[in-house]
1. Is it the case that some residue within the stretch 73-83 is basic (Lys, Arg), assigned to a loop (DSSP other than H, G, I, E, B) and modelled with pLDDT under 70?
2. Just need a number here: residues in the stretch 193-211 that are of a type outside the set (A, V, I, L, M, F, W, C) and either open to solvent by less than 60 Å² (accessible area, probe 1.4 Å) or at pLDDT 95 or above (or both).
3. Quick test of your reading of the structure: Phe35 fulfils all but one of (1) under 30 Å from Gly125 (Cβ atoms); (2) in a helix (DSSP H, G or I); (3) modelled with pLDDT of 65 or more. Name the failing condition by number.
4. Does Leu159 qualify as being outside any loop (DSSP other than H, G, I, E, B), at pLDDT 80 or above, open to solvent by less than 70 Å² (accessible area, probe 1.4 Å) and in contact with a strand residue (DSSP E or B) (Cβ under 7 Å, 6 or more places away or on another chain)?
5. Need the failing condition index for Gly164 against (1) touching a Gly at 6+ places or on another chain (Cβ under 7 Å); (2) open to solvent by 10 Å² or more (accessible area, probe 1.4 Å), just the number.
6. What are the residues in the stretch 120-133 that are surrounded by 19 or more Cβ atoms within 10 Å (Cβ to Cβ) and modelled with pLDDT of 90 or more, if any?
7. For residues that are in contact with a helix residue (DSSP H, G or I) (Cβ under 7 Å, 6 or more places away or on another chain) and either in a strand (DSSP E or B) or within 17 Å of Leu95 (Cβ to Cβ) (or both), tally how many sit in the stretch 186-212.
Amino acid sequence: MNAPPIQGPGAPVAGWARRNRWWLAGAVVMGVLAFVLPYRSAQHEWGRRGYSHPVEGRAQGWTNYQGSRWRLVEVLRDDAVGKVAGGYVHADASLLLLVYEVIPGKGVDAGTLDRCRGRLSDARGRVWGGPPWGVDVAFPSDGSIAWKTKSRVARALGLETGCGSRAGADVLPVKARPTRPFRFFHMFLVPRQLAAQGLYGEIVVDPYRTTPPGSYVRFKLGASRLLQQGATSRN
């Protein structure tokens, strides 16, 4: 008569694992999802709230972003800003003015474009301007750029900071239209010794609805020229 096979100490465990292999596989999958899904949800939410997916702007010509075409027209500097209070006094500050144009795409209205936000950044990770969900287009809500300074520059350029509309001469709004470029500007208070060349001008349109979330267009800046007071560039 044959003796029963001798089972090693691991045999009961191996048998249990075989019998429950599908349950174990499901448990592994659920465990992975328990970590991955919250991470991806947090990543998605962060993307919606910040500048996370850059679209590199072309040095010449137009760049497609969020259904419209954008371009950087020129970079201006205003050293006549003087001492502007922004939590502290900027004794040696300048205004860096970025003039842009946008041609709305099909189905993109002025209201959508007016939800744009602007920012300035450098290669070191420093940024100027409010977050994309800030109160105004180019000004942080702490009032670091005086309203009268903004008004003076707007009069000199004949433009406003909204990406999709501005007040017309007859008080009626002038709105961006699909057939022609609409010009606007963003402005930032920077140290006077900071060169514009090598910085990035960035625009995000409605960060909660961009595709992918948090995508923005950025243009590498060239050299700036001084703002000529009284010279308008309205378009």
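The values are calculated or read from the model by the stated rules, or taken from the named source; none is laboratory data. Predicted, not measured: the structure shown is a model, and the values here were computed from it. Neighbour counts run over all protein chains shown; Cβ positions are idealised from the backbone, glycine included. Note: accessible area is taken over every heavy atom of the protein model, side chains too, but ligands, DNA and RNA are not part of it. Shrake-Rupley method; radii C 1.70, N 1.55, O 1.52, S 1.80 Å.
1. Going residue by residue through the stretch 73-83, those that are basic (Lys, Arg) are 77, 83.
Now restrict to residues that are assigned to a loop (DSSP other than H, G, I, E, B): 83.
Checking which are modelled with pLDDT under 70 leaves us with 83.
Yes, the stretch 73-83 contains a residue that is basic (Lys, Arg), assigned to a loop (DSSP other than H, G, I, E, B) and modelled with pLDDT under 70.
2. If we filter the stretch 193-211 for residues that are of a type outside the set (A, V, I, L, M, F, W, C), which is where we start, we get 193, 197-198, 200-202, 206-211.
So of that shortlist, the ones also either open to solvent by less than 60 Å² (accessible area, probe 1.4 Å) or at pLDDT 95 or above (or both) come out as 198, 200-202, 206-207, 210.
Qualifying residue count for the region: 7.
3. Every condition holds for Phe35 apart from (3).
4. no
5. Every listed condition holds for Gly164 apart from (2).
6. Of the residues in the stretch 120-133, the ones surrounded by 19 or more Cβ atoms within 10 Å (Cβ to Cβ) are 120, 128-130, 132.
Hit for the stretch 120-133 is Leu120, nothing else.
7. 2
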